Amino acid sequence: MASASDKSQPRLQSNEEVIEELTRDLESSCVRADDASDARSKGDNSWDVVDKECNEDGNDNARSTEEDVDEVLLKDRDLLLTESEQEAFKDEAENLKQAGNDLFKNGEYVRAISQYTRGLQTCPLAYSKERSILYANRAAAKAKCQTEKDSAISDCTKAIELNSSYVKVYLRRAQLYEETDKLDEALEDFKKVLTYDSSHTEANHAVRRLPPLISERNEKLKAEMLGKLKDLGNMVLKPFGLSTNNFELEKDPNSGGYSVKFHQNPM
C-alpha cells in the first residue's frame, strides 16, 4: 500500500510521454508549413502578410492604416519568390492600385484606401517606384478624410523615401502640412518643389505667403508665453509685496532680445 507521502508526490512521466509532449507542437507546425508550401506550389498568391478582419460574409471591409503593411514579413516572403513570381505579385498590385483609382474617382475614399493598402501588402519591396505610387495614392485618398490628415502625411513621407524626386508628393505633403498648421514644414516642402520646378505657381506663391504667417504665429506664441510667465512671476513675487509690474521688459530693436528694468514703485 502506498503511503500518504507517496500520494502527495506527482507522477513522473515516462521518457516516451516526455518525447511525445515535446514533439506534438513541432508536428503540428510542420503540417502548417507543408500546407503553406503546397499552396505556393499550386500558384496560390494569397500570402497572408497581415491579419485581416472580415465581416461574417467574408468581405474584407476593415479600415487599413500604414501600420498594416509589415515590411519585415514582406521581406521574408520576397526572399522565397522567384523572379516570375515577383512579377506576378507586382502585376496583382497594379490591378489593386487601378481598382483603388476607380474608387477614388467615384468618391469612395475609404474603399480606395483599402485597395491601395492591399496593393502595398502585395507588391514586392524591390519595386520601389510602384510602392511609392501606392503610398502617394493612398495619401491622396486619406487627405480627403478629415481625420486622416496626419496619416496622409506619413504616407507622403514613405512615398518620398522611396522616390526622393516625387514632386507631386512634396506638393501634397506641403498642402497637408499647411492644413494641419505645420507652417514651417509646409514652407520647406514648397521650397523643395521649386528646386525641381522653379516656375511652379502654387509653390512660388507659398514661399512668399507663408513667412509672414509664420512670423505672426511666432509673435502670438511669444505673447502667450510672456503672459504665462507674468502670471507665474506674480504668484512668486506676491509674498514679497512685489509684482511683475515692478519689472519692465525693453526690447532691443537691433538684436530683438529683451532687457529687464526694476521699478520700486511702479506707476
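Kindly evaluate residue 220 against the criterion of being of a type in the set (D, E, K, R), part of a helix (DSSP H, G or I) and loosely packed, with under 11 Cβ neighbours inside 10 Å. Step through it out loud before you land on a result.
Details: of a type in the set (D, E, K, R): yes; part of a helix (DSSP H, G or I): yes; loosely packed, with under 11 Cβ neighbours inside 10 Å: yes.
Yes, satisfied.
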Restricting to segment 117-142, name every residue that is open to solvent by 30 Å² or more (accessible area, probe 1.4 Å) and in a helix (DSSP H, G or I).
118, 128, 129, 130, 133, 137
Odd one out for residue 148 among (1) at pLDDT 95 or above; (2) within 30 Å of residue 202 (Cα to Cα); (3) crowded, with 16+ Cβ neighbours inside 10 Å
(1)
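Take segment 74-90 and flag every residue that is open to solvent by less than 80 Å² (accessible area, probe 1.4 Å) and either in contact with an Asp or Glu (Cβ under 8 Å, 6 or more places away or on another chain) or part of a helix (DSSP H, G or I) (or both).
Of the residues in segment 74-90, the ones open to solvent by less than 80 Å² (accessible area, probe 1.4 Å) are 74, 77-78, 81-82, 85-90.
If the condition is that a residue be open to solvent by less than 80 Å² (accessible area, probe 1.4 Å) and either in contact with an Asp or Glu (Cβ under 8 Å, 6 or more places away or on another chain) or part of a helix (DSSP H, G or I) (or both), then 74, 77, 78, 85, 86, 87, 88, 89, 90 are the ones that fit.
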Conditions (1) in a loop (DSSP other than H, G, I, E, B); (2) open to solvent by less than 70 Å² (accessible area, probe 1.4 Å): number failed by residue 181
(2)
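The values are calculated or read from the model by the stated rules, or taken from the named source; none is laboratory data. Because the structure is a prediction, the values reported are computed rather than measured. Ideal geometry is used to build each Cβ from the backbone, glycine not excepted, and the neighbour counts take in all protein chains shown. Surface accessibility is based on the protein's heavy atoms, side chains included, excluding ligands, DNA and RNA. Shrake-Rupley method; radii C 1.70, N 1.55, O 1.52, S 1.80 Å.
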